[in-house]
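The values are calculated or read from the model by the stated rules, or taken from the named source; none is laboratory data. Here the structure is a predicted model, which means the values were calculated and not measured. Only protein heavy atoms, including side chains, enter the accessible area calculation; ligands, DNA and RNA are left aside. Shrake-Rupley method; radii C 1.70, N 1.55, O 1.52, S 1.80 Å.
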Amino acid sequence: MTAFASTARLSRYRPGLVQQAHAHDEAHLSLLLSGGFEEQAGRRHHAAEPGQLGLRPEGLRHAVAFGGTGAVVLTLGVSSCDGARGSFAEPAWTPPLPGRHLRRLVPLILEGGEDAPEAIWDVLALIDLRAESPRPDPWLADVRDQLRACPGPTRVSDLALRAGRHRVHLGRAFLTAYGETPSEFRRRAMLDRALGLMASGQPLAAAAIDAGFSDQSHFSRACRDLYNLPPGRLASRLRG
């Protein structure tokens, strides 16, 4: 029983791009590294965000509309033997993956070496086909939206005060609802912004400052911490 990547590519999709309903000849995985998009597949609608991993079975028809910052997506075309077909039967999206998974899997997938097949099986194991979790309270969703919209200068303690919650209560509620702390999400949002700017052609140092990092080194450390790769390495693999 084997699974392997027939294609693996890191691509940038321009802001506002709309892909009409279409289907693919093979099942594939999409890991969103930066930006975002809205996907419609039959009755299923999903707003993808950085760190999320999606599974699209063979023949699935879907339409995609990219947001105002476009997106950087690691796409992995997957072929499977008969014993693996059940793993590709239904479309699904994960919550944003923890850094420990991304650090291990992203480099293996991009390198495409002999360890890639095992990495693919591990990726599939992260996809949960169970029902989605309940929606968070509106005040918590608002805090998250504010962190995403302006991560650099935003202080989580100020957001807690504005929401009328203690900073500790905010941290616990955020972790329960989203699987990571507010400060982790803020750093991920900064990295998302910096990678998007870099992918659009902005120099690394300028992208780092505009996203809220203190300097290029700060940006590079964050990228290595989440993806185990320097931003320059990611930039060199991008396809328009």
In whole Å, what three semi-axes, largest first, describe the equivalent ellipsoid of region 133-174 built from its Cα gyration tensor (square root of 5 times each eigenvalue)? 16, 13, 8
In sequence order, calculated HN-Hα J values of region 155-172 (Karplus, 6.51, -1.76, 1.60; Hz; x Gly/Pro): 9, 4, 4, 5, 5, 5, 4, 5, 7, x, 10, 5, 4, 5, 4, 4, x, 5
Put Cys223, Cys150 in order of accessible area, largest first, probe 1.4 Å, and you get Cys150, Cys223
Using only the Cα atoms, what convex hull volume per residue in Å³ does region 94-240 have? 124 Å³
Highest GNM mean-square fluctuation among Ala194, Ala65, Ala125, for the chain with Cα springs under 10 Å, belongs to Ala125
Region 114-191: Kirkwood hydrodynamic radius (Cα pairs, Å) comes out at 14.2 Å
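Keeping every protein chain in place, order Tyr227, Tyr13 by accessible area at 1.4 Å, biggest value first, i.e. largest first.
Tyr13, Tyr227
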If amide H atoms are built 1.01 Å from N in the plane of the peptide, which residues on other chains or at least 5 residues away come under 5 Å of the amide H of His28? Arg56, Val78
